[in-house]
Amino acid sequence: MIKALHNALDKTPYSERQADKEHNLLTGLTELTQHHYSACPNYARILDGAWTKHHTFETIADLPYLPVSIFKTQKMQSVPDEEIRVTLTSSGTSGQAVSRIRLDKDASSLQQRALANSLKHILGDQRLPMLVIDSEAVFADPRLMSARGAGVLGIMRYGRNHAFALDKALKPNFELVQRFLEEVDGKPFFIFGFTFMVWTVLFEQFKSKKLDLSNGTLIHSGGWKTMADRAIDNASFRTALTDTFGLRNIHNFYGMVELIGTLYLEGPDQLLYPPNFADVIIRDPITWKVAEVGQPGVVQVTSLLPHSYPGHSLLTEDLGVIEAVDPGTEGWHGKGFRILGRVPKAELRGCSDVIAATV
């Protein structure tokens, strides 16, 4: 599994053609399945109870997959407790169950290398000055972080001279942002924030300040339900930032705490692409068979990164559609897809109930 991951990371990010990618992924994901089956008792019980075949596979679509929600209710880890370095949690409102993703030292190191591999594709090899559309208060406790705090802190290591758009009281820090832009003095810089924060903080609270962000590269993700409630889609989001701040280099990404370090990054055609070490599968929500290109369905994600927990093949709670395979636009290959929204809970109940009953 480590060899397959290194094979993927050694290539230009997002460059591998689908057929070559699937060959490498099948080897690594098969090894990961066997590893987790041996090391994680809960995972072994699930596979024994819900899957008739879980040792050899002809395609990556044949791999067993877990509903992503299982990390909210079951302890899923493949390393001893004493080797856990950090536990990440998903975002959740008060009283909601949250996913708990446990990383050991090796998993954390691989995650950082993979994240750097994805980010350098659009940021280059040098760390850039970084404007964070958030507050330092978001990662007050590094030992047990929410998805938002982990996301900010994880990506901060790939920037330098960090400036935060919000102070610790979550109020706009206009003077600090202006001083940051004066110091970069027209040179390239890096902006990161979750989508709803970029909109509600950067756009709504800074739009009157006439900021010039034309030399910035924005990477953002998450919060699209909030945006949909405001009738803001990806196209209007991009247009507003370009017209208001001159910001043109904008990359959305799809990711989750359960698949930390794996960025499904927006390419030049505004489709999302899995990195070389990951893939996406769309499944028909009735038959659970693999959907054809252009057919919407439930998103399944795979990645070679998770080895301290069995998160290498997950059925998400999102709807998506694959729109292109190996388009080659500016060197981007693999599956280009869009996220269409959330799946009604009832549609996933059948799969989740079968798996939950085996644990």
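At a glance:
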| quantity | calculated |
| --- | --- |
| Failed item in (1) modelled with pLDDT under 95; (2) open to solvent by less than 30 Å² (accessible area, probe 1.4 Å); (3) part of a strand (DSSP E or B); (4) not hydroxyl-bearing (Ser, Thr, Tyr), with Gly261 passing the rest | (3) |
| Some residue of the range 281-288 being modelled with pLDDT of 95 or more, open to solvent by 50 Å² or more (accessible area, probe 1.4 Å) and charged (D, E, K, R) | no |
| Residue list for the range 214-228, restricted to those being open to solvent by less than 10 Å² (accessible area, probe 1.4 Å) and more than 19 Å from the chain's Cα centre (by Cα) | Gly216 |
| Elements of type helices (runs of 4 or more DSSP H) contained in the range 1-116, each with 3 or more residues being under 21 Å from the mean Cα position of the chain (by Cα) and at pLDDT 95 or above | 18-39 |
| Failed item, numbered, when Phe194 is tested on (1) of a type outside the set (Val, Ile, Thr); (2) open to solvent by less than 10 Å² (accessible area, probe 1.4 Å); (3) under 16 Å from Asn252 (Cβ atoms) | (2) |
| Neighbours by Cβ (under 7 Å, 6+ apart or cross-chain): first from the range 146-170, on the phi > 0 side of the Ramachandran plot; second among the polar types (S, T, N, Q) | Leu170/Ser135 |
| Gly154 under 21 Å from Gln126 (Cβ atoms) and either part of a helix (DSSP H, G or I) or among the charged types (D, E, K, R) (or both) | yes |
| Condition met for Ser208 (over 30 Å from Thr73 (Cα atoms), open to solvent by 40 Å² or more (accessible area, probe 1.4 Å), of a type in the set (Gly, Ala, Ser) and within 23 Å of the chain's Cα centre (by Cα)) | no |
| Looking only at the range 234-258, and only at residues there that are crowded, with 16+ Cβ neighbours inside 10 Å and among the charged types (D, E, K, R), the one that is nearest to Asn215 (Cα to Cα) | Arg238 |
| Ala231 vs. criteria open to solvent by 40 Å² or more (accessible area, probe 1.4 Å) and either at pLDDT 95 or above or not in a helix (DSSP H, G or I) (or both) | yes |
| Residue among Asp134, Asp125, Asp185 that alone is open to solvent by less than 50 Å² (accessible area, probe 1.4 Å) and among the acidic types (Asp, Glu) | Asp134 |
| Some residue of the range 316-327 being at pLDDT 95 or above and more than 27 Å from Gly223 (Cα to Cα) | yes |
| Restricting the range 31-80 to residues that are among the β-branched types (Val, Ile, Thr) and open to solvent by less than 50 Å² (accessible area, probe 1.4 Å), the residue that is nearest to Leu319 (Cα to Cα) | Val68 |
| Checking Val343 against (1) closer than 20 Å to Gly222 by Cβ; (2) modelled with pLDDT of 95 or more; (3) among the aliphatic types (A, V, I, L, M), the condition it does not meet | (2) |
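The values are calculated or read from the model by the stated rules, or taken from the named source; none is laboratory data. Only a predicted model underlies this, so the values are computations on that prediction, with no experimental measurement involved. When we count neighbours, we look across all protein chains shown, and the Cβ atoms used for this are built from the backbone with ideal geometry, even at glycine. Keep in mind that these areas ignore ligands, DNA and RNA; they rest on the heavy atoms of the full protein, side chains included. Shrake-Rupley method; radii C 1.70, N 1.55, O 1.52, S 1.80 Å.
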